[in-house]
1. How many residues are crowded, with 16+ Cβ neighbours inside 10 Å and in contact with an Asp or Glu (Cβ under 6 Å, 6 or more places away or on another chain) when one looks only at the range 44-62?
2. Which of the residues belonging to the range 31-56 are closer than 19 Å to PHE4 by Cβ and in contact (Cβ under 8 Å) with a residue 12 or more places away in the chain?
3. Please enumerate the residues belonging to the range 1-28 that are of a type in the set (Val, Ile, Thr) and touching an Asp or Glu at 6+ places or on another chain (Cβ under 6 Å).
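Nothing in this text is a laboratory measurement; each read-out follows from the coordinates by a stated rule. Worth saying up front: this structure is predicted, and the values here are computed from it rather than measured. For neighbour counting, all protein chains shown are included, and Cβ atoms are generated from backbone atoms with ideal geometry for every residue, glycine included.
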Amino acid sequence: MTAFYHMRFVVPDLDRAMQDFQRAAGVEWSDPVSDRLGEWDYRIVFTTGGPPFIELVEGPSGSP
């Protein structure tokens, strides 16, 4: 089995989750990006550096 390359977490508060991960794991973040998927607005951010990458996604309740 090989190490994982990418992991995604869906979070209710992107800024808070970024702070928590940075404090707990020492990761650094790219700038968050806002976009829209259908009728849902969302924000997304990725760690910088190298694998494993962590992705955080914040969207409204009921969104994909």
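1. Selection size over the range 44-62: 1.
2. Those that are closer than 19 Å to PHE4 by Cβ and in contact (Cβ under 8 Å) with a residue 12 or more places away in the chain: ILE44, VAL45, PHE46, THR47, THR48, GLY49, PRO51, PRO52, PHE53, ILE54, GLU55, LEU56.
3. Passing the criteria: only VAL11.
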